[in-house]
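Undergrad: Before I ask anything, here is the structure I am working with.
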Amino acid sequence: MFFAIVAGLGGLYLILMVMGVLHRDYMKSWNRPRKMALAIMGSGFLILGLYFGYLAYFLSTPEGQEHQRQQREMNRMYFPQQQR
């Protein structure tokens with residue numbers, strides 16, 4: 001959940017910078033391609049944060065727990081020397 005919060009808030013922060021809500025005077029000196037690159041990076045971080053948030057939610061459900069159990073079982077089958 002830590003990565004969901006950090007990536008999501010980071011993406012939101014960068015998007016707010018591009019929109020001129022945060023650091024208005026600093027962003028006035030930026031040209032259009034730099035702002036577009038910052039918007040793309042902010043959108044990517046926001047999407048990554050949403051993905052990590054969904055993954056944390058999914059792994060807490062019964063289906064996610066079953067998925068993790070199956071992964072551990074397959075790891076034991078393919079790597080027998082690492083049994084715990």
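Undergrad: Compute, for Tyr13, the solvent-accessible surface of its heavy atoms (probe 1.4 Å) with the complete set of protein chains present, and express it in square angstrom to the nearest 10.
TA: 100 Å²
Undergrad: If you don't mind, there's one more thing I want to ask. Determine the gain in length on full extension of the stretch Leu55-Tyr78; use 0.36 nm per residue of separation and subtract their C-alpha separation, reporting nm with one decimal.
TA: Working it through step by step, the gained length comes to 5.8 nm.
Undergrad: Sorting Phe2, Phe58 by accessible area (1.4 Å probe), largest first, what list results?
TA: Of Phe2, Phe58, the descending order of accessible area is Phe2, Phe58.
Undergrad: Follow-up question, since we're still on this one. Translational D (Stokes-Einstein, µm²/s) of the chain at 20 °C and 1.002 mPa s when Rh comes from the Kirkwood sum over C-alpha pairs?
TA: 140 µm²/s
Undergrad: In square angstrom, rounded to the nearest 10, how much accessible surface does Ser29 have for a 1.4 Å probe?
TA: So the heavy atoms of Ser29 present about 90 Å² to solvent.
Undergrad: Moving to a separate point now. Heavy atoms only, probe 1.4 angstrom, no DNA, RNA or ligands counted: give me Arg69, Arg24 ranked by accessible area, highest first.
TA: Putting Arg69, Arg24 in descending order of accessible area: Arg24, Arg69.
Undergrad: So how far apart, in nm, are the two label points at Phe3 and Leu22 if each is 7 Å from Cα heading toward Cβ?
TA: Each label point is offset 7 Å from its Cα along the Cβ direction, giving 2.1 nm.
Undergrad: Ordering Lys28, Lys35 by accessible area with a probe of 1.4 Å, largest first, what comes out?
TA: My answer, sorted largest first, is Lys28, Lys35.
Undergrad: Roughly to the nearest percent, how much of the accessible area of the chain is carbon and sulfur, given a 1.4 Å probe? Don't jump to the answer; show the numbers that get you there.
TA: Working: 4490 of 6840 Å².
The C+S portion of the solvent-accessible surface of the chain is 66 percent.
Undergrad: If you line up the long axis of helix 32-60 against the longest principal axis of the chain, both from Cα atoms, how many degrees apart are they, to the nearest 10?
TA: 30 degrees
Undergrad: When the Karplus curve 6.51 cos²θ - 1.76 cosθ + 1.60 is applied with θ = phi - 60°, which whole-Hz ³J(HN,Hα) does each residue of the range 66-75 get, with x for Gly and Pro?
TA: 5, 4, 5, 4, 5, 4, 4, 5, 5, 4
Undergrad: Which length gain, in nm to one decimal place, applies between Gln71 and Tyr13 when the Cα-Cα distance is subtracted from 0.36 nm times their residue separation? Don't skip to the end; give the middle numbers.
TA: Values: separation 58, 0.36 × 58 = 20.88 nm, distance 3.58 nm.
Full-extension gain reported as 17.3 nm.
The values are calculated or read from the model by the stated rules, or taken from the named source; none is laboratory data. Keep in mind that what you see is a predicted model, and the values were worked out from it rather than measured. Cβ coordinates were reconstructed from backbone atoms using ideal geometry, including for glycine residues, and neighbour counts include every protein chain displayed. Note: areas computed on protein heavy atoms with side chains; ligands, DNA, RNA excluded. Shrake-Rupley method; radii C 1.70, N 1.55, O 1.52, S 1.80 Å.
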